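To start, the structure under review is shown below, and the notes come after it.
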Amino acid sequence: MSLGHGDLRELYQEVIFDHNRSPRNFHKMDDADRVAEGHNPLCGDQLTLYVRLEDRVIADASFVGHGCAISTASASLMTEAVKGKTVEEVESLFRDFHALLTGVPPEGRDFGKLEVLAGVREFPVRVKCATLAWHTLHNALTGDGEPAKTE
Ligand code: ZN
């Protein structure tokens with residue numbers, strides 16, 4: 001079975017609506033090893049990202065915050081996508097995901113559900129919404145390991 005362009009678009013929008021309506025891993029994490037804040041002033045998206053590491057593997061990831069449908073859905077999809085991956089795998093996925101949204105999608109990469117966000121390519125302003133959670137995760141992983149102070 002093959003999906004026409006219109007059907008695929010509808011399917012993608014459904015996934016984004018679903019993840020915005022009921023975001024996955026949407027909670028504070030009390031035993032997080034890393035915490036980072038993300039803010040996209042262009043749209044008003046704001047999120048706090050929590051990561052728990054076991055060695056160099058992301059054992060758990062969650063977020064709280066508020067923003068547009070794209071930023072919320074992207075953060076939700078990201079927390080699902082990165083669990084169980086090593087820090088290096090996540091950094092590599094971020095690079096490819098960023099290329100998917102802004103430039104030439106890398107060949108041979110299976111993005112899974114993240115693919116639904118490729119549609120923002122047509123809306124450059126939305127790229128910042130879709131990559132906010134990823135930039136925040138990058139900051140969390142490359143930070144000094146101390147949870148960010150909230151006050
Ligand atoms: Zn936004």
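Odds and ends about this structure:
- Residues (part of a loop (DSSP other than H, G, I, E, B) and open to solvent by less than 60 Å² (accessible area, probe 1.4 Å)) located in segment 15-62: Ser22, Pro23, Asn25, Met29, Ala32, Asp33, Cys43, Gly44
- Residues (open to solvent by 60 Å² or more (accessible area, probe 1.4 Å) and either within 18 Å of Ile70 (Cα to Cα) or in a helix (DSSP H, G or I) (or both)) located in segment 81-122: Glu88, Glu89, Arg95, His98, Thr102, Lys113, Glu115, Arg121, Glu122
- Count of residues meeting criterion [in contact (Cβ under 8 Å) with a residue 40 or more places away in the chain and either in contact with a Pro (Cβ under 7 Å, 6 or more places away or on another chain) or among the hydroxyl-bearing types (Ser, Thr, Tyr) (or both)] in segment 13-33: 1
- Hits in segment 23-46 - residues which are polar (S, T, N, Q) and farther than 17 Å from Ala81 by Cβ: Asn40, Gln46
- Test: residue in segment 72-84 that is within 16 Å of the ligand (Cβ to nearest atom), in contact with a Phe, Trp or Tyr (Cβ under 9 Å, 6 or more places away or on another chain), more than 18 Å from Thr136 (Cα to Cα) and in contact (Cβ under 8 Å) with a residue 60 or more places away in the chain: no
The values are calculated or read from the model by the stated rules, or taken from the named source; none is laboratory data. Everything numeric here is computed off the predicted structure, so don't read it as measured data. Cβ coordinates were reconstructed from backbone atoms using ideal geometry, including for glycine residues, and neighbour counts include every protein chain displayed. When the accessible area is computed, the model is the full protein with side chains, heavy atoms only, and any ligands, DNA or RNA have been set aside. Shrake-Rupley method; radii C 1.70, N 1.55, O 1.52, S 1.80 Å.
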